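Colleague: After the structure tokens below, expect a handful of questions from me.
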Amino acid sequence: MSEDIDVQIEKKETELSVFLQCMEELKNEFIKETIHFASEWYKKTAKEYVTKYPEVTLSLKEPQIAQMKTQVNRLISDTEHTVQAELGNSALWWHQKLRLYESIELYLQIADNYPEILDRAVRHVLGRLGLILEEYRFNVSANSEAGSYKEFWFEKTGGEASVSVPSYPHMLKWSLEMQQTIQKYHTQYTKAMPLYGEIQKFKEEKKKQEAIDRWDSI
């Protein structure tokens, strides 16, 4: 009986490994696409705020504008590091931290409603621009400072010992490539998760069989 279960476990784990490998490739693809998306978004959004609040822009001296542009360009050049640090978190990706009791809709995307687990991470990446906009007083608060007429570019995390994390708060549309990649990841996830559940059931059955065999042998 135990040998039959071992065969089933091995067979199912071989099937699962194919899904996990594909999901890893899709994760890396999504990170690459997000790097490109965020880099362009930083550049475009910085210009939008320069024109959105012309009175702020015109109040800045030329050295301040030059310094701000330097900071934005540095942010753009660091995009890969920023995205890797945020989206490289294994807790975001089921295939890197397999778990049984998770929603089958964890990576489901409906229209422009993206999977929250990843949408939050992308917004954290984009929120880094808010730190610069706040420094130059473009009516943005990215450090949990509440104030009249300010846009709150931060998210409170961590429960009682909460910390503020810069986060883009407005409507957001991912690139088509990002959306398509996560749709593919969701498809793989919905096939892999039940398979992982079957493997755990077989392993639990094996433990029960070993326990009764041990009981009967003494």
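The values are calculated or read from the model by the stated rules, or taken from the named source; none is laboratory data. Computed from a predicted model, the values in this text were never measured in an experiment. Here the Cβ is made from the backbone with ideal geometry for all residues, glycine too, and neighbour counts use every protein chain on show.
Colleague: Within segment 106-120, work out how many residues are under 16 Å from Met23 (Cβ atoms) and either of a type in the set (Asp, Glu) or not in a loop (DSSP other than H, G, I, E, B) (or both).
Modeller: Adding up the residues that qualify gives 2.
Rundown of residues vs (1) out of contact with any Pro (no Cβ under 7 Å at 6 or more places or on another chain); (2) surrounded by 13 or more Cβ atoms within 10 Å (Cβ to Cβ), yes/no style:
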| site | (1), (2) |
| --- | --- |
| Leu58 | yes, no |
| Arg74 | yes, no |
| Asp112 | yes, no |
| Leu129 | yes, yes |
| Glu134 | yes, yes |
| Ala142 | no, yes |
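Colleague: May I ask you to verify whether Ile104 is β-branched (Val, Ile, Thr), touching a residue at least 24 places away in the same chain (Cβ under 8 Å) and surrounded by fewer than 14 Cβ atoms within 10 Å (Cβ to Cβ)? Can you show your working first?
Modeller: Details: β-branched (Val, Ile, Thr): yes; touching a residue at least 24 places away in the same chain (Cβ under 8 Å): yes; surrounded by fewer than 14 Cβ atoms within 10 Å (Cβ to Cβ): yes.
Yes, satisfied.
Colleague: Tally time: how many residues in segment 28-64 are in a helix (DSSP H, G or I), under 16 Å from Asn139 (Cα atoms), over 22 Å from the mean Cα position of the chain (by Cα) and of a type outside the set (Lys, Arg)?
Modeller: 11
Colleague: Would you please name the residue that is modelled with the lowest pLDDT, looking only at residues in segment 115-156 that are aromatic (Phe, Trp, Tyr) and out of contact with any Leu (no Cβ under 8 Å at 6 or more places or on another chain)?
Modeller: So in segment 115-156, the residues aromatic (Phe, Trp, Tyr) come out as 136, 138, 149, 152-154.
Pick out the ones that are also out of contact with any Leu (no Cβ under 8 Å at 6 or more places or on another chain) and you get 138, 149, 152, 154.
On the way: Phe138: 95, Tyr149: 65, Phe152: 91, Phe154: 91.
Here the answer is Tyr149.
Colleague: Does segment 197-211 include one or more residues that are more than 25 Å from Ser103 (Cβ to Cβ), free of Cβ contacts under 8 Å to residues at least 60 places away in the same chain and charged (D, E, K, R)?
Modeller: The answer is yes; a qualifying residue exists.
Colleague: Being of a type in the set (Gly, Ala, Ser) and modelled with pLDDT of 80 or more is the filter; apply it to segment 157-174 and report the residue that is farthest from the chain's Cα centre (by Cα).
Modeller: Applying the filter and picking the extreme gives Ser164.
Colleague: Pairs please, first residue from segment 68-82 and farther than 8 Å from Ser39 by Cα, second anywhere and surrounded by fewer than 19 Cβ atoms within 10 Å (Cβ to Cβ), Cβ atoms under 6 Å, 6+ apart in sequence or on different chains.
Modeller: Within 6 Å, the pairs are Glu80/Ile35.
Colleague: Then there's this: So Tyr101 passes all but one of these: (1) assigned to a helix (DSSP H, G or I); (2) out of contact with any Leu (no Cβ under 8 Å at 6 or more places or on another chain). Which condition number does it fail?
Modeller: (1)
Colleague: Kindly evaluate Glu25 against the criterion of being under 20 Å from His124 (Cα atoms), of a type in the set (D, E, K, R), free of Cβ contacts under 8 Å to residues at least 60 places away in the same chain and part of a helix (DSSP H, G or I).
Modeller: No: the conditions fail for Glu25.
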